[in-house]
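Visitor: Structure below; questions to follow.
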Amino acid sequence: MSATSFSELGLGPELLRAVSEAGYSQPTPIQAKAIPVILEGKDVMGGAQTGTGKTAGFALPILHRLQPQANTSPSPARHPVRALILAPTRELAIQVEESVKEYGKHTGLRSTCVYGGVDIRQQLPIVRAGVEILVATPGRLLDHVEQKSVSLSQVEIFVLDEADRMLDMGFIPDIKRIMALLPATARRQNLLFSATFSNEIKKLADQLLNAPELIEVARRNTAAETVEQAVYKVPQEAKRALLTAIVTSRGLRQVLCFVRTKHGASRLARQLERDGLATAAIHGDKTQNARLDALQAFKDAKLEVLVATDVAARGLDVDDLPLVVNYELPHVPEDYIHRIGRTGRAGASGEAISFVAPEEEKYLGEIEKLMKKKIAVRTQEGFDPVAASARAATARTHERTARRDERAPRERAGARPPRPDAARSDTSRAPVGRSRREQEREEAYARNPDQPPVDRSRANASAATALTRGQTSYGLRRGKAREVPALLLKRKAPQTQDA
Ligand code: AMP
């Protein structure tokens with residue numbers, strides 16, 4: 001019963017034009033199912049992951065529904081936030097908003113994106129001027145609400161994208177705070193998208209959604225069907241040589257390479273550069289600008305390899321990625337599906353290979369169990385893993401000796417070793433007496449490697465004073481003052497950080 005063309009779905013001519021300019025000839029399954037339901041104004045619980053075309057699946061009908069409200073008035077009051085889209089990471093938020101802009105370019109509706117990790121002041125003029133569609137990460141949205149640069153009292157459509165990731169990253173308390181600031185559930189349309197539906201997500205859906213229609217496509221463990229997968233059995237120390245051999249022998253660019261840790265990502269990128277491959281790394285300890293630069297270089301095919309952690313690569317949207325490499329297997333099998341979903345997007349074919357060291361066999365077993373299929377084992381012609389391991393071991397010994405020789409003069413000169421507590425995280429140095437909310441938030445940030453470490457002591461005193469000076473009317477609805485929700489009052493004042 002699925003529609004074969006966008007024009008059958010009930011979208012307006014401005015949107016059909018944008019879709020055709022984007023080069024889409026046919027709706028994807030999630031689009032065919034979700035667009036008519038969202039156009040009817042119903043709530044949706046969508047089971048779909050990134051790569052299925054879900055963004056257009058909700059963005060197009062939202063734009064259609066809001067189109068009558070488009071206007072050219074310079075007054076911010078004529079451009080209240082009518083659709084709010086929450087995304088777990090900055091990258092995803094940026095990409096969703098880029099899609100909204102692209103699909104909405106003939107509608108006259110305004111949109112913008114707000115996310116943490118950059119100076120909030122950059123975002124103020126745009127949100128204050130008024131936008132009908134706001135895409136945001138939860139923490140930064142609350143910062144804007146506190147600064148009163150954004151009001152959520154006229155939100156008609158609320159979208160929670162990648163709800164399972166939100167949960168993983170500890171954003172649920174922030175989301176509940178945001179939900180408390182929206183008009184009543186019955187007066188707005190709510191859309192929740194998630195790749196998985198744990199009991200916790202179902203509980204959240206119960207609170208958020210109103211008689212939702214359940215729309216499900218490409219379950220996680222079948223979504224990878226368009227991707228050709230292979231495994232290389234290789235000792236850990238020979239992986240780097242194998243990667244270099246594969247990339248150079250096939251003359252590849254835009255290879256996305258996954259590792260498990262931020263530290264491992266930086267180290268591997270450095271080593272691959274030394275091996276002569278144009279490489280960059282993206283992970284949560286990089287500044288926002290460094291990450292955007294790396295992503296841009298990758299999109300422009302200037303890099304041969306981009307090394308990424310799972311969270312940093314979320315939402316990375318580059319069409320036609322030739323190859324995804326699992327340099328290390330994830331310990332959570334679902335992450336494997338997410339990773340390989342970076343290639344073979346929207347029905348295109350793709351390739352994903354995994355380097356499996358003997359100690360990772362158990363993770364491979366779990367992945368195969370989840371996918372209910374075995375992954376073919378491949379070898380690289382002319383590559384001898386045993387010889388590569390031996391070469392790597394010799395190189396490591398040389399490097400260690402060189403480092404020791406470099407350090408020795410300093411240590412002889414009496415340089416003190418670092419204090420054992422020097423590497424403690426900011427969270428563990430939490431001052432006594434901090435509110436539980438602040439501590440929770442710090443912990444969420446610490447769990448979420450996408451949020452760079454920031455000096456949270458540099459609170460904006462004036463905003464804090466404004467909140468504590470009895471200015472408790474907030475989020476005006478139909479002219480009635482509302483109390484500031486108690487939990488929100490306890491939040492620290494917004495940060496102004498350097499980008
Ligand atoms: P998403 O799942 O929303 O992240 O979309 C994944 C990719 O599919 C994006 O690069 C979109 O530009 C692309 N896409 C979305 N809808 C279609 C369509 N109907 N036909 C072809 N490509 C699409």
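Values in this text are rule-based calculations from the coordinates and carry no lab data. Predicted model only: the values in this text are computed from it and were never measured. Glycine also receives a Cβ, built like all others from the backbone with ideal geometry; neighbour counts cover every protein chain displayed.
Visitor: Sorting 363, 115 on the 10 Å Cβ count, fewest up front, what's the list?
Guide: 363, 115
Visitor: If a/c stays under 1.5 just call it rounded; otherwise compare a/b with b/c (prolate if a/b is bigger, oblate if not). Do that for region 40-164, with a ≥ b ≥ c from the square roots of the Cα gyration tensor eigenvalues.
Guide: Oblate, because a/c is 1.5 or more while a/b does not exceed b/c.
Visitor: Right, here's the next one. Anything over 30 Å Cα to Cα? Flag those among 176/369; 101/373; 33/101, in the order listed.
Guide: Violating the 30 Å limit, Cα to Cα: 176/369; 101/373.
Visitor: For region 115-130, just list the computed ³J(HN,Hα) in residue order, Karplus coefficients 6.51, -1.76 and 1.60, θ = phi - 60°, integers in Hz, with x standing in for Gly and Pro.
Guide: 8, x, x, 10, 4, 4, 4, 4, 8, 4, x, 6, 5, 5, 6, x
Visitor: Next up: Sort 113, 257 so that the residue with the fewest other Cβ atoms within 10 Å of its own Cβ comes first and the one with the most comes last.
Guide: Ordered from fewest to most neighbouring Cβ atoms within 10 Å, 113, 257 come out as 113, 257.
Visitor: Going down the table (202/286; 239/362; 54/203; 239/286), which pairs top 29 Å between alpha carbons?
Guide: With Cα atoms farther than 29 Å apart: 202/286.
Visitor: ³J(HN,Hα) across region 45-59 via Karplus (A = 6.51, B = -1.76, C = 1.60, θ = phi - 60°), whole Hz, x for Gly/Pro?
Guide: So the Karplus estimates, Gly and Pro as x, are 10, x, x, 7, 9, 4, x, 9, x, 5, 4, 5, x, 9, 5 Hz.
Visitor: Would you compute, for the Cα atoms of region 111-211, the largest minus smallest coordinate along each principal axis and list the three values in descending order, in whole Å?
Guide: 39, 29, 20
Visitor: Using +1 on the beta carbon of Lys and Arg, -1 on that of Asp and Glu, and nothing else charged, what's the dipole of region 227-396 about the Cα centre, debye to 20?
Guide: 180 debye
Visitor: On to the next question. Looking at the square roots a ≥ b ≥ c of the eigenvalues of the Cα gyration tensor of region 227-396, which shape do they give, rounded for a/c under 1.5, prolate if a/b is larger than b/c, or oblate?
Guide: rounded
Visitor: Under a 5 Å amide H to amide H cut-off, with H placed in plane at 1.01 Å, what residues pair with residue 232 once short-range neighbours are removed?
Guide: For residue 232, whose amide H was placed from the backbone, the distant partners under 5 Å are 354, 355, 356, 378.
Visitor: Give, in nm to one decimal, the length gained when the segment between residue 148 and residue 216 is fully stretched (0.36 nm per residue of separation minus the Cα-Cα distance).
Guide: Here the segment from residue 148 to residue 216 would lengthen by 20.8 nm.
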